[in-house]
Amino acid sequence: MRPFELTRPTTIEAALTSPGAFLAGGTTLVDLMKLDVLTPQHVVDINELPLRGIDTSDGLRIGALERMSDVAAHPGVYPAVTRALLQSASQQLRNMASIGGNLLQRTRCTYFRHVAMPCNKRQPGSGCPAITGANRMHAVLGTSDACVATHASDLAVALVALDAELRLVSATGSRTVRLADFYRLPGDTPEVENDLRPGELIAEVLVPRLDWASHSTYVKVRDRQSYEFALCSAAVALDVRDSHIVDARVAVGGVATVPWRLSAVEEALRGAPATPASFETAAAAAADGARPLSANGFKVSLLKRTVIRALIELTEGSR
């Protein structure tokens, strides 16, 4: 561990004028500091800031410092969000990890986390060995010649499906950005992962009111039942009336460089009967544009099957 200075501001204003790496639960930052991937000289512990609270009275508002386990246990939180949280990490980590930190967690790509290996995210221009190396866990959607790492957050997938927004605060004020727009595709600059500007903090997550989001779910496919990142996941919300789908929200994870909204699948579902046959037809577009690598071609078919499984589970559960 390299030496660093630690400060604990008690106001947002003080935190925003303290340059350094922000520390909440520490479940990502501390790991990366131990691995020498991140070496901040100044760490700002923000746990005393007034960035808490869960409000379900009109949509969903979650303070950035709320712990994942507390949000998952809160009545009135949309089922897709609750299930995404409960399938994340372990109970001990969920008790520590903050909502804002979860949304900002770095990729679990082993090349990124191994400082002896080149990685364009960690050292721009050094290369992406995952493209020709061990890439079973890597992305097939949203990739570039510079990076194929998947986004790690389960929660972000559910929130993108529900059109969530982030309220970001800085010394000059605040702004709101759609979560789907917040994350950046790697392109030629994979080191720029999101739209968080220097000196900004996530203050809260805002999910617009969606009455039928109570009819939602999150399905996660992984190598083992717990404490494992997704090979593929799907967050689905459906508005079904008279056995037909009026509206749909679908996003997937574990297969893309950012939480991936499936607009074409949503469009194919609208107006269709809520049947397995319709789900198969709609899911056929789920992997459009996929670029499989040497060891992860199975994710193309797994993606389609996971979307179908989530749709079937959701509609069967409502009967």
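Structure values in brief
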item	result
Sites E280 and N47, calculated FRET efficiency, Cβ-Cβ separation with R0 41 Å, nearest 0.05	0.30
Per-residue ³J(HN,Hα) for region 302-316, Karplus 6.51 cos²θ - 1.76 cosθ + 1.60, θ = phi - 60°, Hz, x for Gly and Pro	4, 4, 4, 5, 5, 4, 4, 4, 5, 5, 5, 4, 5, 6, 5
R136, R61, ranked by accessible area, largest first (probe 1.4 Å)	R136, R61
K34 versus N95: modelled label distance in nm, points set 7 Å from Cα along the beta carbon direction	1.7
For region 35-77, alpha-carbon Rg and Dmax in angstrom	14.7, 43
Three principal axis lengths of region 130-197 [C-alpha, angstrom, descending]	44, 24, 13
Loop-resident sites, region 140-249, for GluC sites (Glu not before Pro), counting at most 16 other Cβ within 10 Å (DSSP)	E191, E228
Cα-based Kirkwood hydrodynamic radius, region 190-319, one decimal, Å	16.0
Heavy-atom SASA rank of Y218, Y111 (probe 1.4 Å, accessible area, largest first)	Y111, Y218
Percentage relative contact order, region 202-306, counting C-alpha pairs under 8 Å, at least six apart	20
The chain - Kirkwood radius from inverse mean 1/r over Cα pairs (Å)	20.1
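The values are calculated or read from the model by the stated rules, or taken from the named source; none is laboratory data. Since we're looking at a predicted model, the values are computed, not measured. Backbone-built Cβ (ideal geometry, glycine too); neighbour counts: all protein chains shown. Just the protein is used for accessible areas: all its heavy atoms, side chains included, with ligands, DNA and RNA removed. Shrake-Rupley method; radii C 1.70, N 1.55, O 1.52, S 1.80 Å.
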